[in-house]
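A short reminder: the numbers here are calculations on the coordinates, not readings from a lab. This structure is a prediction, so every number in the text was calculated from the model and none was measured. Cβ sites come from the backbone with ideal geometry, for glycine too, and all protein chains shown count toward neighbours.
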């Protein structure tokens, strides 16, 4: 093992804890699809594939060789971060899990869920300013304090940070593009501005990491990792921008007899 | 029949679509040609000021949105059948020129995010870079102002 800085290897138990929610997610999603297909028209296969893809990326990030390598190698860690915090959430959001859940559950349970969706807490968690701060602000804290070392030495920090990265990515994505039912809505222009700020914060942090390696990371690995973060973040966000602007484009379609 | 005001509004929308897309083109050329292919520009320069890092981050993020947004605006102009190419290209020249001038003066020189190329005689590079930028802006202004005046009647 190339364990520099006395980082203990990430245990299998630790890996399984993190992978479990996503494995459950796959099983539950398939059950919902099969069950609701009996009553409603067929759930698109494409969404099923998006969900599988998202869960797959999340699972390989926290379980298996990529997870083990990410623990000791910063560029690999960064690839994992792009998967878990950006690409996996995006694919899962496109799979519209909330819509699926609502059509599967009996009406009275579905009503309970929409009640939760109307709550103030969910309102805050779908406000792009708040999710942007949770997302990019969280990253600044991870990479500019000792948290990066701590999460490698302590199981609890390891689990919490990874869950946070995923959840912050998921909530940020649903606060920018509205595919599932969204009660608390913000204008396209507002979401665009906040999104630009968040992407800028992400890019600035990448270059900051390039120049100031996090504790426990050597200079060369920091440089490579920073560039993966900078350009990888761009690539994933392009998909998000296209979806956002496409929705905006459709929403402003001229009425047939307006011209 | 469209009134003068509506035509004016549409003309400025055409110009804006061009400007946004032009900023995107400039950012794309900057990234692919100067950073990745020629390796003249550096990802990070030790003399970068903190404000330079912030400016680069915002500009980089904004240029992605500008590229994609400019193209969606273009699609919108086409579906409304109000697209005119002269002001649109004028906007593109303006966008490229303004990006390049900002990059070449404020970002390279004042904030020192990186130089055009790491060579002895950098002044030549800076001069050519910024003169091209000014020429593009003048060309863009010429095309847009002319079509705006025409639209204004």
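Of note:
- Which of A:202, A:71 has the fewest Cβ neighbours within 10 Å, and the rest in rising order: A:71, A:202
- Those residues of segment A:147-174 whose amide nitrogen sits under 20 Å from the label point placed on residue A:247, 7 Å along Cα→Cβ: A:166-174
- Between helix A:219-251 and chain A there is an angle of about 10 degrees, using the helix long axis and the longest principal axis of the Cα atoms.
- Peptide-level mean, for A:194-206, of C-beta atoms on other protein chains within 10 Å: 5
- Chain B: angle of helix B:122-152 to the longest principal axis, Cα-based, in degrees nearest 10: 10
- Take the Cα of residue A:38, step 7 Å toward its Cβ, do the same at residue B:125, and the gap between the two points is 6.9 nm.
- Packing-based exposure ordering (other Cβ within 10 Å, fewest first) of A:223, B:31: B:31, A:223
- Column: log10 I(q)/I(0), Debye, Cα scatterers of the protein assembly as shown, q = 0.06, 0.07 Å⁻¹: -0.31, -0.41
- Span from the segment B:53-103 Cα centroid across to the segment A:112-133 one, whole angstrom: 33
- Note on residue B:105 and residue B:146: the extension gain reaches 12.0 nm, defined as 0.36 nm multiplied by sequence separation minus the Cα-Cα distance.
- Springs between Cα atoms under 10 Å define the GNM used for chain A, and in it the highest mean-square fluctuation of A:18, A:112, A:49 occurs at A:112.
- Label-point separation, residue B:9 to residue A:12 (7 Å along Cα→Cβ), nm: 6.7
- Mean Cα-pair separation over length for segment A:4-250, i.e. relative contact order, pairs under 8 Å, 6 or more apart, %: 23
- Residue mean of other protein chain beta carbons inside 10 Å, B:61-68: 6
- Residues in segment A:174-212 that a label on residue A:118 would reach, taking backbone N under 14 Å of a point 7 Å out along Cα→Cβ: A:182-184
- Relative contact order %, segment B:4-148, counting alpha carbon pairs below 8 Å whose residues are six or more apart: 38
- A Gaussian network model of chain A, with springs between Cα atoms under 10 Å, assigns the largest mean-square fluctuation among A:213, A:21, A:65 to A:65.
- Exposure proxy ranking, count of Cβ atoms within 10 Å, fewest first, for A:227, A:78: A:227, A:78
- Here segment A:151-206 and segment B:116-142 have alpha carbon centers that stand 39 Å from each other.
- Between helix A:188-211 and chain A there is an angle of about 10 degrees, using the helix long axis and the longest principal axis of the Cα atoms.
- Under the simplified labelling scheme, the residue A:110-residue B:33 pair shows an inter-label distance of 5.6 nm, with each label point 7 Å from Cα along Cα→Cβ.
- Sorted peptide list for B:81-94, B:133-146, A:98-111, A:132-145, criterion being average Cβ within 10 angstrom, highest first: B:81-94, A:132-145, B:133-146, A:98-111
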